[in-house]
Amino acid sequence: LLLDEIGEMPLALQPNLLRALEEHCLRAVGGDHEVPFDARVVASTNRDLEVAVEEGRFREDLFYRLNVFPIALPPLRQRTEDVALLADHFLKRHGEAVQKKVTGFTPEAMDALSRFDWPGNVRELENEIERAIVLTPQGGVIDTAMLSERLRPAVHMARSWRRDGRLKDVIAEVEADLIQQAFRTHEGNKTRMSEDLGISRYTLLQKMKAYGIE
């Protein structure tokens, strides 16, 4: 039995839960007899229950009844290695739910997801992936353009170019990267790409040919 966000339980209801856990029986609302149950109880919370006990917002006896084997789970920003695994899991789950085949993430999009702090933890990541699936064409791949605005700083951080070498080579690397980003964002539409990049369509085509972007 999972008791999610146990720290939000009103103080008035906590004695009822404590009694059920102690006696392994419960009574349905409006019922007139006890029903035995046998369950392994797992409680989760994002609050410090010890502080809540000190402040009188959580019963001390219920706290010790639940706090048999505590497991501290760090926030998502402290375990970025889990982001890719979770993102793939949510991509499969929500893609199947809406019957849309999305094949994965571009490296830039995954970098942005991994660099974001995720103040809302796993639920926020799940919502982000669900939103991106809606914006991604059937059979496509999630790119940075499908990510929400709050990830934009992470998107910019994910773009990194070398800081040494000949100026001409570094500029070419930056140009090629920006054109590739525009290509994915506008799905190859040259007119929109040239408008986004602030160059003529002719110049865009010449640069795409020079950098081998098709």
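The values are calculated or read from the model by the stated rules, or taken from the named source; none is laboratory data. All of these numbers come straight from a predicted model, not from anything done at the bench. Backbone-built Cβ (ideal geometry, glycine too); neighbour counts: all protein chains shown. Accessible surface is based on the protein model in full, side chains and every heavy atom, while ligands, DNA and RNA are left aside. Shrake-Rupley method; radii C 1.70, N 1.55, O 1.52, S 1.80 Å.
Values as computed for the structure displayed
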quantity	calculated
Every residue from the stretch 79-112 that is among the small types (Gly, Ala, Ser) and in contact with an Asp or Glu (Cβ under 6 Å, 6 or more places away or on another chain)	ALA109
Verdict on GLU60 being among the charged types (D, E, K, R), more than 22 Å from GLU130 (Cα to Cα), over 19 Å from the mean Cα position of the chain (by Cα) and modelled with pLDDT of 95 or more	yes
The stretch 119-145 - residue that is closer than 23 Å to PRO74 by Cβ and buried (at least 17 other Cβ atoms within 10 Å of the Cβ) and, of those, nearest to the chain's Cα centre (by Cα)	LEU125
Spans of helices (runs of 4 or more DSSP H) in the stretch 147-214 with at least 1 residues modelled with pLDDT of 80 or more and in contact with a helix residue (DSSP H, G or I) (Cβ under 6 Å, 6 or more places away or on another chain)	167-185, 190-197, 201-211
Selection from the stretch 187-209 of residues that are free of Cβ contacts under 8 Å to residues at least 12 places away in the same chain and open to solvent by 40 Å² or more (accessible area, probe 1.4 Å)	ASN189, THR191, ARG192, GLU195, GLY198, ILE199, SER200, ARG201, TYR202, THR203, GLN206, LYS209
Residue ID - least open to solvent (accessible area, probe 1.4 Å), chosen from residues in the stretch 21-55 that are free of Cβ contacts under 8 Å to residues at least 12 places away in the same chain and closer than 30 Å to PRO74 by Cα	VAL53
Odd one out for TRP118, checked against (1) under 16 Å from LEU147 (Cβ atoms); (2) part of a helix (DSSP H, G or I); (3) of a type in the set (A, V, I, L, M, F, W, C)	(2)
Scan of the stretch 81-105 for residues that are in a loop (DSSP other than H, G, I, E, B) and either of a type in the set (A, V, I, L, M) or open to solvent by less than 80 Å² (accessible area, probe 1.4 Å) (or both), ordered by number	VAL98, LYS100, VAL102, GLY104
Flag for PHE58 being of a type in the set (Phe, Trp, Tyr), more than 30 Å from VAL141 (Cβ to Cβ) and in contact (Cβ under 8 Å) with a residue 40 or more places away in the chain	yes
Test: residue in the stretch 68-78 that is of a type outside the set (Val, Ile, Thr), under 30 Å from GLN181 (Cα atoms), modelled with pLDDT under 90 and in contact with a helix residue (DSSP H, G or I) (Cβ under 9 Å, 6 or more places away or on another chain)	yes
